[in-house]
Amino acid sequence: MTTPHQRHRRGRLAAAGGLTAAAVIIALAVPAQAAGSTLQAAAAETNRYFGTAMAGHYLNNSGTMTIVNREFNMITAENEMKMDATEPSQNQFNFSAGDQIVNWARSNGKQVRGHALAWHSQQPGWMQNMSGANLRNAMLNHVTRVATYYKGKIHSWDVVNEAYADGNSGGRRDSNLQRTGNDWIEAAFRAARAADPGAKLCYNDYNTDNWSHAKTQGVYNMVKDFKARGVPIDCVGFQAHFNSGNPVPSNYHTTLGNFAALGVDVQITELDIQGSGSSQSQQFQGIVQACLSVARCTGITVWGVKDTDSWRASDTPLLFDGSGNKKAAYTGTLNALNAGGVRATPGGTSTQPTSQPTTQPTTQPTANPTTPPPTGGGTCTATYSEGEKWNDRFNGVVTIRANGNISSWTSTVTVRSPQRIIATWSGSPTWPSANVMTMRPNGNGALANGQTASFGFTVQHGGNWTWPTVSCSAS
């Protein structure tokens with residue numbers, strides 16, 4: 001493709017603050033009855049989808065389309081449903097390119113993510129030259145017309161894309177749309193809901209993976225405000241473009257859990273990871289396992305099929321090589337999906353949060369968060385939350401809360417015979433005895449007063465459904 005993904009100015013990928021891939025790997029047991037042979041089948045075991053971005057030219061490549069049809073059940077048009085493609089001249093809409101992809105997907109039993117209704121980039125020339133009220137009205141007309149045209153055909157819309165600035169401000173990007181007024185995002189979501197009440201409405205952005213980053217906190221605060229005021233937002237998309245300068249952060253699962261706790265679904269929307277071999281495979285596994293640990297993480301989409309089709313082709317960032325062969329990253333991803341996790345429980349269009357979020361957000365996220373103090377002196381409490389249940393096992397999540405500043409924490413989980421813990425995630429366990437597990441944080445466990453961390457585990461219950469006993473000690 002010529003500039004296959006020009007809308008993403010990806011020099012930004014080298015953002016600082018990434019941690020090692022190994023830090024996010026979560027150990028999960030493989031249920032004996034589960035062994036999906038494709039990505040979509042394995043993801044379906046926990047009620048999730050596994051999707052791909054699809055460019056129009058894929059339709060002319062039978063080898064690529066064989067992979068798409070076999071492996072994926074959620075399709076995102078790479079460029080064909082963006083503003084410049086669908087409204088090349090004002091009030092003259094052209095849906096032919098988007099229709100090719102949507103119609104193929106639906107006729108082959110796939111669902112569709114709509115991408116994207118309002119965005120500062122890839123605007124048609126006529127829109128780039130507008131400002132003020134004229135631009136606001138043109139944007140809202142575009143949202144309404146496109147969402148209305150595809151009504152009933154779209155699983156989730158990226159209503160607004162990439163509206164927050166990089167760096168330490170935690171604020172909005174300076175764009176022509178932002179200069180129409182700070183409520184432009186809210187207005188776009190309300191217009192989309194009116195046009196297609198059945199679609200899930202998402203905000204989508206990049207470099208929002210690390211919970212401690214200012215941009216992540218800025219988006220979090222916007223979503224929190226929208227939910228509090230009844231603005232119709234149903235989901236948040238995390239693009240998840242990673243490279244050597246910006247690997248998967250160790251707190252990725254915390255980020256997903258904190259957003260989910262606001263009462264929105266979270267979706268990994270544009271996943272690709274620079275690299276090859278076991279290192280790349282481990283990072284893909286870490287992303288999958290983070291999603292599987294959050295009940296409202298409803299699906300994963302990779303941004304393309306074969307490395308040679310990627311907008312980052314030289315980074316070989318996808319699951320299939322240029323000849324369509326499965327890479328180590330594919331095998332790692334499939335194995336991670338088959339290992340299982342918390343069954344996805346997507347919400348509807350309700351503004352109510354889930355009753356038992358996987359991870360609690362910090363009580364007062366700041367616009368420019370700081371690292372928790374390294375010195376201790378405080379105490380901690382551990383709270384158990386019941387997770388998914390199966391006939392032979394159940395999941396549990398323990399939330400650690402700092403009462404005062406702590407430099408680290410240790411939690412003890414005690415199960416009752418014949419119970420045994422068969423899988424854990426988001427921590428480093430040791431086993432003082434057969435029915436006692438001691439869990440410590442991966443890496444730095446420092447928490448400031450009021451902050452929380454969480455870990456999870458799966459219990460093979462052997463007929464005893466009694467909840468485990470949990471406790472916490474701080475240092």
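The values are calculated or read from the model by the stated rules, or taken from the named source; none is laboratory data. Being a predicted model, the structure only gives us computed values, none of them experimental. No Cβ is skipped: glycine too gets one built from the backbone with ideal geometry, and neighbour counts run over all protein chains shown. Note: areas computed on protein heavy atoms with side chains; ligands, DNA, RNA excluded. Shrake-Rupley method; radii C 1.70, N 1.55, O 1.52, S 1.80 Å.
Annotations for the structure displayed:
This table checks each residue for (1) modelled with pLDDT of 70 or more; (2) more than 21 Å from Gln451 (Cα to Cα); (3) among the aliphatic types (A, V, I, L, M).
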residue	(1), (2), (3)
Thr359	no, no, no
Tyr384	yes, no, no
Phe394	yes, yes, no
Asn403	yes, no, no
Thr412	yes, no, no
Gly427	yes, no, no
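- Looking only at residues in the range 445-468 that are in contact (Cβ under 8 Å) with a residue 60 or more places away in the chain and over 20 Å from Glu386 (Cα atoms), the one that is nearest to the chain's Cα centre (by Cα) is Gln451.
- Selected residue (only one of Ser212, Ser175 is modelled with pLDDT under 95, at negative phi and not hydrophobic (A, V, I, L, M, F, W, C)): Ser212
- Residue satisfying all of: in the range 429-475; farther than 15 Å from Gly396 by Cβ, touching a Ser or Thr at 6+ places or on another chain (Cβ under 7 Å) and open to solvent by 50 Å² or more (accessible area, probe 1.4 Å); modelled with the lowest pLDDT among these: Gly443
- Among (1) farther than 18 Å from Asn258 by Cβ; (2) within 17 Å of the chain's Cα centre (by Cα); (3) hydroxyl-bearing (Ser, Thr, Tyr) - the single one Tyr203 does not satisfy: (1)
- Criterion: surrounded by 17 or more Cβ atoms within 10 Å (Cβ to Cβ), among the basic types (Lys, Arg) and assigned to a helix (DSSP H, G or I) - qualifying residue of Arg136, Arg106: Arg136
- If only residues of the range 362-380 that are open to solvent by 60 Å² or more (accessible area, probe 1.4 Å) and modelled with pLDDT of 75 or more are counted, the one that is nearest to the chain's Cα centre (by Cα) is Thr379.
- Residue within the range 66-81 that is farther than 19 Å from Val302 by Cβ, part of a helix (DSSP H, G or I) and among the basic types (Lys, Arg) present: no
- Matching residues, the range 158-186, being more than 19 Å from Glu270 (Cα to Cα) and surrounded by 19 or more Cβ atoms within 10 Å (Cβ to Cβ): Gly170, Leu177, Thr180, Trp184, Ile185
- For the range 188-199, the set of residues classified as open to solvent by less than 30 Å² (accessible area, probe 1.4 Å) and touching a Ser or Thr at 6+ places or on another chain (Cβ under 9 Å) consists of Ala191, Ala192, Ala195, Asp196, Ala199, listed by residue number.
- Counting the residues of the range 119-155 that are over 30 Å from Phe50 (Cα atoms) and not aromatic (Phe, Trp, Tyr) gives 17.
- Residues within the range 432-475 that are in contact with a Lys or Arg (Cβ under 9 Å, 6 or more places away or on another chain), not aromatic (Phe, Trp, Tyr) and not in a strand (DSSP E or B), tallied: 9
- Residue count for the range 120-133, restricted to those that are of a type outside the set (Gly, Ala, Ser), assigned to a loop (DSSP other than H, G, I, E, B) and open to solvent by 50 Å² or more (accessible area, probe 1.4 Å): 2
- Beta carbons closer than 7 Å, at least 6 apart along the sequence or on distinct chains, pair a first residue in the range 316-341 that is closer than 14 Å to Leu271 by Cβ with a second that is part of a helix (DSSP H, G or I) and open to solvent by 30 Å² or more (accessible area, probe 1.4 Å) for Gly332/Gln282; Gly332/Gln285; Thr333/Gln285; Ala336/Gln285.
- The set of residues in the range 35-46 being among the polar types (S, T, N, Q) and modelled with pLDDT of 95 or more consists of Thr38, Gln40.
- Members of the range 218-275 found to be out of contact with any Lys or Arg (no Cβ under 6 Å at 6 or more places or on another chain), assigned to a helix (DSSP H, G or I), open to solvent by less than 20 Å² (accessible area, probe 1.4 Å) and of a type in the set (A, V, I, L, M), listed by number: Val219, Met222, Val223, Leu256
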